[in-house]
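To start, the structure under review is shown below, and the notes come after it.
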Amino acid sequence: MGARSRKAGARIATWSGADAAPPFAAVAALPSTTEMSLRAFLRTPHSRMPDYQLSQNELDGVVAYILSLR
């Protein structure tokens, strides 16, 4: 993913790297990022990620935080 900006003066989310996870701001800037997509992603096990068992409150907080970065 390259640089992307929404408006003049808005944050610019950038990320490049095959192995590293993208910053939350870069995830928030993706058009495909929705509350539902974040919840599904965070609840699905991934082979190269720790299997976090987030409580409902923790999941709500992480999703709200990421979406607040838009």
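Taken together, the values in this text are just the output of simple stated rules run on the coordinates, not laboratory data. None of the values given here were measured: they were computed from a predicted structure. Don't worry about glycine lacking a Cβ; one is built from the backbone with ideal geometry, like all the others, and counts go over all protein chains shown.
Dipole of the range 22-70 (Lys/Arg Cβ +1, Asp/Glu Cβ -1, origin at the Cα centre): which of THR33, GLN56, ILE66 lies farthest to the positive side?
Of the candidates, THR33 comes out farthest on the positive side.
Suppose R0 equals 30 Å. What FRET efficiency, 1/(1 + (r/R0)^6) with r the Cβ-Cβ distance, do SER68 and THR44 give to the nearest 0.05?
Using R0 = 30 Å, I get an efficiency of 0.85.
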